[in-house]
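*Asks:* Questions regarding the structure given below will be posed in turn.
Read the figures in this text as sums done on the coordinates, not as results from a lab. Everything numeric in this text was worked out from a predicted model, so none of it was measured. Here Cβ is always computed from backbone atoms with ideal geometry, including for glycine, and neighbour counts include all displayed protein chains.
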2 protein chains.
Amino acid sequence: MTADRKELAALSPEERQAVILEKVNAAGRVLAAGLAQEFGVSEDSIRRDLRDLSDAGLVQRFHGGAARLVTPALDFHRREALHAEEKQSIGRAAAAPIPDGATLLVDSSTTVVRFVRALSPALSLRIITTAVDVAAAALDHPLAEVVMLGGRLGRLTRSATGAGAIDAIRALRVDYCVLGTCGIDHGLTLRADDFEDAHLKSAMIRAANKTLLLATADKLGQAATYEVAPIAAVSALFTSSRDTAILKAIREAGVDVETV
Amino acid sequence: MTADRKELAALSPEERQAVILEKVNAAGRVLAAGLAQEFGVSEDSIRRDLRDLSDAGLVQRFHGGAARLVTPALDFHRREALHAEEKQSIGRAAAAPIPDGATLLVDSSTTVVRFVRALSPALSLRIITTAVDVAAAALDHPLAEVVMLGGRLGRLTRSATGAGAIDAIRALRVDYCVLGTCGIDHGLTLRADDFEDAHLKSAMIRAANKTLLLATADKLGQAATYEVAPIAAVSALFTSSRDTAILKAIREAGVDVETV
DNA sequence: CATATATTTGCGTGTTTGTGCATGATTAGA
DNA sequence: TCTAATCATGCACAAACACGCAAATATATG
């Protein structure tokens, strides 16, 4: 949305790099030659930008351009296999208190996929999601009604993004919002590079009566630049972390913390 | 080095290796010659890729290609592949003529999933679908932009239904519509019980410049109650059927029939 | 306002990487 | 064994790259 260019107005390197980073995360990969033409600068400047972004650890370079850090190919399944047991038990714990007839709004993450799989088959549920993998898992549930929110799919999250999805969420009113992707510091945080997702998640939280947060141990204390919501917006946190200091602080914010 | 250098977007070696690794793990084994053709590079480059992957301990090489390092306990993907070599070759045949830069509107079926997997990784495509499994497969394609149309998901087709999806399709204008679920009699037919899907499919056909129909042998001559469109609405039929009588009739309706 | 300093940019130079082709070596299969 | 296919190695070429330098621009300071 910010890509509006005034044809000849020269952008500062910072601005340009911000736009490039956005493009990389949206498209998966960009070519130096194409960027040079788009911005009306030489390829050298683009290369300098790419090097800066690479040094900052935000993109991965290759000959001809740059790509997103985590390539889509080495993918979801690999991440899912990582810390599988931990995610499994978090998912199980979070699924336990879900009552019959509930409507759930579920974001995209490997942990919430476990959560969906752990939901009792005896429950009649309504599961709404933007993520293809969550939708696929939810369809295996015998009684769930599954609604997929559409849009352009992000390669990394394998989930819908953009204004369409956000608008659809704004029109919703659900019992539970189930999140698994956020880092937790003083609030729920996301890396700045997917700031579109941040809007999506805060819309999800607003649409829900209660917000459940599922977080593996590595998520706690992970400060990221973009704050989606204050920690008090969360109703309950399910985590494998044993970091008593942080957990105590979260409890004192009024969050029901359950460790597994 | 003159001649027409490929206009196709060249993948970096890293990206190519990631895709190859995926293919190896999905298919069990790959052939160097086939990969070279798919990626539009020489066999030498493929061999270098395979050597790198082998050095990294990710695949096992053999003369002619490479194989998965550890064969997982019988996978349900494997069962599907074994049972449906027919679908595989139909998908491959239908994928072959798709040009670079095309926009595809894809319906839900196991056959079109094969089609999506068979699309050359060297192509820049835009894949729009209502089916979660198609979306998941499309996200593995390195250059595709994937758009998921939202809505309530049907349990059987694992795909969006309803007025929302139909409206979204009405607003589209695409190059190819790829269908795999219809029966074929005198026209494209669907069982009466999913008449909502019939509306969806006819909207998809109307949105497209060309309609490709992928049909396993059992689909031909299968009369069902609801007619989605006349057979002449189809541009090309890819099928494993050898039923000369029906195929002749279809050809005479102006459809380009290709048997595999 | 003028000058000094810093930043950014484009171009030239040499270096690295990726690729394809040629030439032998190796292997699978008859 | 023999034969054809596959493979490794060396080489050449083009594309992409990093580095240094000078001109242009922006920013700061007296």
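*Asks:* Largest first and in whole Å, give the semi-axes of the stretch A:77-123's equivalent ellipsoid, each being the square root of 5 times a Cα gyration tensor eigenvalue. Present the calculation step by step, with values, prior to reporting the outcome.
*Replies:* Details: eigenvalues 83, 25, 11 Å².
Equivalent-ellipsoid dimensions as semi-axes: 20, 11, 8 Å.
*Asks:* How far, in nm to one decimal, is A:Arg92 from itself in the other copies if the label point is set 7 angstrom along Cα toward Cβ? Shortest first, please.
*Replies:* 4.3
*Asks:* Over the stretch B:196-238, what per residue volume does the convex hull of the Cα atoms give, in whole Å³?
*Replies:* Residue-normalised Cα hull volume stands at 76 Å³.
*Asks:* To continue, here is another question. Per residue of A:143-156, what is the mean number of Cβ atoms on other protein chains within 10 angstrom of that residue's Cβ?
*Replies:* Neighbouring Cβ atoms belonging to other protein chains average 6 per residue here.
*Asks:* Turning to a different aspect of this structure: Cα atoms only, the protein assembly as shown: Rg and Dmax in Å?
*Replies:* In Å, with Rg to one decimal and Dmax whole: 24.1, 77.
*Asks:* Further, regarding this structure: Could you go through the stretch A:135-141 in sequence order and give the Karplus-derived ³J(HN,Hα) for each residue, using 6.51 cos²θ - 1.76 cosθ + 1.60 with θ = phi - 60°, rounded to whole Hz, and x for Gly and Pro?
*Replies:* Listing the rounded values in order: 4, 4, 5, 5, 5, 6, 6 Hz.
*Asks:* If you take every DSSP beta bridge fully contained in the protein assembly as shown, what fraction is antiparallel? Give it as a percent rounded to 5.
*Replies:* 45
*Asks:* A follow-up question, please. Report, for the stretch B:84-259, the % of DSSP beta bridges that are antiparallel, rounded to 5.
*Replies:* 30
*Asks:* Just want to confirm a number: the relative contact order over the stretch B:212-260, from Cα pairs under 8 angstrom separated by 6+ residues, in percent.
*Replies:* 43
*Asks:* Could you work out the relative contact order of the stretch B:13-68? I mean the mean sequence separation of Cα pairs under 8 Å and 6+ apart, divided by the number of residues, in percent.
*Replies:* Across the stretch B:13-68, relative contact order equals 41 percent.
*Asks:* Over all alpha-carbon pairs of the stretch B:84-259, lay out the pair-distance distribution in 5 Å bins, whole %, shortest bin first.
*Replies:* Pairs per bin, as whole percents: 1, 9, 19, 23, 22, 16, 7, 2, 0.
*Asks:* While we're on this one: Restricting to Cα atoms and excluding each atom paired with itself, what does the Kirkwood estimate give for the stretch A:13-68 in Å?
*Replies:* Result for the stretch A:13-68 stands at 10.6 Å.
*Asks:* Continuing with this model, one more query. How high is the relative contact order of chain A? Use alpha-carbon pairs under 8 Å, at least six apart in sequence, and give a whole percent.
*Replies:* Details: 484 pairs, mean separation 35.9, N = 260.
Across chain A, relative contact order equals 14 percent.
*Asks:* Of A:Lys23/A:Lys201; A:Lys201/B:Lys201; A:Lys87/B:Lys87; A:Lys23/A:Lys210; B:Lys23/B:Lys248; A:Lys23/A:Lys248, which pairs sit farther than 30 Å apart, going by alpha carbon to alpha carbon? Don't skip to the end; give the middle numbers.
*Replies:* Values: A:Lys23/A:Lys201 21 Å; A:Lys201/B:Lys201 33 Å; A:Lys87/B:Lys87 36 Å; A:Lys23/A:Lys210 34 Å; B:Lys23/B:Lys248 37 Å; A:Lys23/A:Lys248 40 Å.
In this structure, A:Lys201/B:Lys201; A:Lys87/B:Lys87; A:Lys23/A:Lys210; B:Lys23/B:Lys248; A:Lys23/A:Lys248 exceed 30 Å between Cα atoms.
*Asks:* Treating the point 7 Å from Cα along Cα-beta-carbon as the label, what are the nm separations from B:Arg51 to the other copies, to one decimal?
*Replies:* For B:Arg51, the other copies' label points sit at 3.0 nm, shortest first.
*Asks:* Using only the alpha-carbon atoms, how far is helix B:85-95 inclined from the longest principal axis of chain B? Give it as 0 to 90 degrees, nearest 10.
*Replies:* 90
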